Structures are given as structure tokens and as C-alpha cells.
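Notes to accompany the following structure.
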Amino acid sequence: MKHWTLPPRTSALQFAIAGVVVLCTGLALAWVIAQDTVAANARDLSVNTFFFSLGQEHAWIAQVSEAVSWFAGGARNVIVVPVALVILLIARQWRWAIFLAVSSQAGLLVSSALKATVARERPPFADPSDFQRYLSFPSGHTFAGITVWLAMGVICWFVLPRPWSTVTGITLGVIGLLNGPSRLVLGKHWLTDVLGAWLVAAGWLLLVWAAWLWWLAPRSKPDQETEAVVPLPT
């Protein structure tokens, strides 16, 4: 059975640098929003209105958004992540279990800390009785789409044999990435809530991936060099 090949250990530094750049960009966006949320909301409003109107005018878009958003909800992640970890441990894939645990659970702490720090109010389309009314940045669904669902897609990509790895990896990745626009269509988050979640979560995932490649990725044994057979003179 053929599997996709892991990137070399030496690529960890490149992933780490990319992760730092992307993460810092997301944190810079968080700082800008926290300085003046009223101005940030005003800048986002036209784009948010477009996406929300799109869902209102086309029922199927709203339905797809609801379906995609369902996957990355907190209630599902509380179940999905532990189940995935148990499956990985049973399959003796403890290295990948560590990767998923750090990506998802430490990522949740990062997301929660940013929400509490920025304390941004949700868009006017959201339910005013929402108990997370002032926890809009970053979008938790969008964040989990990267640190949980895309992370599981990466695991499937390298653990499962082809073509199942390709199918499941891409499917989980698409579900994770689509959680961003789905939150705009449903009117739950501002545009920059989604962009910020993508940046911070992607930066975090890249850093976790870099660390995993450097310290935990299984190493392939060096190929045995075969001795050339010199034909005897006749």
C-alpha cells in the first residue's frame, strides 16, 4: 500500500518561520481591532452584509453553511477530538495523537484568550441574546476548522493508504476551510473575525507541524548501499 511521504526533517525550520510570520500577522490584526472595534466593525459591515444577504436570498447556500458550521461547533469537537485520539492510540499512532492534541487543545486556549482580550461584539445579524455576544474575535468555528479538522485531514493524508488518504484528507480539509465563509453567510462573525482566525490558527498549526516534524516524526532507516558486483575477467 502506498502512502504519501512526510516532508524531510530539515523542512521544519521553513514551516516554523512561515508559522511565526502568519501567526504574528493574525495577532497584529487582533491588536488593530482591539484598538478601535467601532471602526473595524464599520470597515467590515459592507462585506458582512453581502455574505449575509447571499444566504438570505439563496436558501441552499444558508443550508450548506449550516451543515458545514455544524461540524466545527464546540459540542462536536468535544466528542470528535477525544474519539480521534483514542483511535490513533489504538492504532499505535501515538505521535499523531500528540500532534492532534497539541494542535486542537492548545489552539483552543489561544482562541479563548484572544476572544477574552479583544472582547469584540458580534455583527448586528447575530442573535442579541447569544451568551458569547462579546466574544466575536476570532471566530471559534473558523479556528477549530484549522486546528481540528484541517489537522485531522493532515493526519489522514499521511497515515491512510492512497487513495483513501487523498479522499479523506481533502474532505476534512475542505470542511475545515469552509467554516470561515459559513460564519459570514450565517451572520455570526465579522469578516476580520474569520481572517484573524485563519491567520492565527494557520500560524499555530504550522508551528505545531514544524515541532512535530523535528522531534516526533518517524524516521526512515537509511537505505542500505548495495555493493557493486564486479564481473570476473573471462
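Values in this text are rule-based calculations from the coordinates and carry no lab data. As the structure is a computational prediction, the values presented were derived from the model and not from experiment. Note that each Cβ is placed from the backbone with ideal geometry, even for glycine, and that neighbours are counted across all protein chains shown.
Quick notes on this structure:
- Where Gln132 falls short, out of the listed (1) in a helix (DSSP H, G or I); (2) under 19 Å from Asn41 (Cβ atoms); (3) not small (Gly, Ala, Ser): (1)
- Set Leu150, Leu160, Leu135: member being surrounded by fewer than 24 Cβ atoms within 10 Å (Cβ to Cβ), in contact with a helix residue (DSSP H, G or I) (Cβ under 7 Å, 6 or more places away or on another chain) and more than 24 Å from Leu6 (Cα to Cα): Leu135
- Of all residues in segment 159-179, those satisfying the criterion of being part of a helix (DSSP H, G or I) and in contact with a His (Cβ under 8 Å, 6 or more places away or on another chain) are Val159, Ser165, Asn179.
- Complete set of residues in segment 41-64 that are within 15 Å of Asp193 (Cβ to Cβ), crowded, with 18+ Cβ neighbours inside 10 Å and within 24 Å of the chain's Cα centre (by Cα): Asp44, Asn48, Phe51, Phe52
- Selection over segment 65-81 of residues that are farther than 17 Å from Gly180 by Cβ, surrounded by 12 or more Cβ atoms within 10 Å (Cβ to Cβ) and out of contact with any helix residue (DSSP H, G or I) (no Cβ under 6 Å at 6 or more places or on another chain) gives a count of 1.
- Of all residues in segment 116-129, those that are in a loop (DSSP other than H, G, I, E, B) and either polar (S, T, N, Q) or in contact with a Pro (Cβ under 7 Å, 6 or more places away or on another chain) (or both) total 1.
- Verdict on Thr171 being within 17 Å of Arg76 (Cβ to Cβ), surrounded by fewer than 23 Cβ atoms within 10 Å (Cβ to Cβ) and either over 11 Å from the mean Cα position of the chain (by Cα) or of a type in the set (S, T, N, Q) (or both): yes
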